[in-house]
Amino acid sequence: MLNKCLNLLHHTIQQFPEVDYEVIVSDDSADSETEQLVKNTYSWIHWYKGPMRGPAANRNNGAHHAKSNWFVFLDDDVLPDSNLLVEYTKAINKYTEVEAFEGSIYPDNWQLINNDMAECPVNIDGACFWSANICIKKTLFTRIGGFDEDYLEAAQEDQQMKINIEKNTVAPIMFLPECKVIHPVRFFTVIQRIKKIKNASKNYSIFVKKNINSSLKLFFISQWKFHFIVFIKHILSGRIKSSIVSLAWILYGVPLNVYYVSKGKI
């Protein structure tokens, strides 16, 4: 997947001057496979070893080595459109007061996305700021301290950045549907999703402590209501495996959320 992503970032595909941008791979993997792929195949790409402290720290590592005044963050499994860099540059030059943009994210298969246990971020209307496809000015990135490295799992770290940007800018984040990437639809087993509940709960608890001011009782009710509604939706749509995961959240994940928030066990 990374191989396909990097191929589409070559200047002959992007039709963008090679001297005007650089591509950085920050590698958090435990083996040398990615390092060898980049160094042996892509002489025009910079590879750096990641800090192994989660996706937020890994993205910050890539930004630390970047020389440009603007950063575009992409997931390693997306397929960027051939106009991606051109369109981001047009917007940067046209909307000079804007310091952060988000691009659109499409699934690689619209039919698969509604299947049981399918997962894929989809952003076709904006107001998401998901790090699979975002663009941010270096000075703003520095001003807000980059991605919050308290988040050790992928989920809330980009939402925290969105909140931090909105607190530190005058112009709102602008959505650019023409800056498009394709994201694969993935499938997980019930066991895989249930095993992730503990760390996902810790991650969300960090987000709650930073951004949500409510009583534990109201927090518990809102969480239980949210996951119960999701559970019912899965049942009604025939997604049996997904409903099992939702039930696990109701019985296990929600109490964990309340525990971590109340005890600070994060």
Residues located in the range 30-68, provided they are small (Gly, Ala, Ser) and surrounded by 14 or more Cβ atoms within 10 Å (Cβ to Cβ): Gly50, Gly54, Ala56, Ala57, Gly62, Ala63, Ala66
Exception for Gly145 within (1) farther than 25 Å from His64 by Cα; (2) among the small types (Gly, Ala, Ser); (3) over 14 Å from the mean Cα position of the chain (by Cα) falls at (1)
Run Ile182 past the list (1) in contact (Cβ under 8 Å) with a residue 24 or more places away in the chain; (2) part of a helix (DSSP H, G or I) and report the number of the one that doesn't hold. (2)
Residues (surrounded by fewer than 14 Cβ atoms within 10 Å (Cβ to Cβ) and not in a helix (DSSP H, G or I)) located in the range 212-251: Ile212, Asn213, Ser214, Ser215, Ser237, Gly238
I want to confirm something. Restricting to the range 87-135 and keeping residues that are exposed (fewer than 14 other Cβ atoms within 10 Å of the Cβ) and of a type in the set (Phe, Trp, Tyr), which single residue is farthest from Tyr21 (Cα to Cα)? Trp110
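Each value in this text was obtained by applying a stated rule to the coordinates, not by laboratory testing. Bear in mind the structure is a predicted one, so any value in this text is a computation, not a measurement. With ideal geometry, Cβ positions are generated from the backbone for all residues, glycine too; neighbour counts draw on all protein chains shown.
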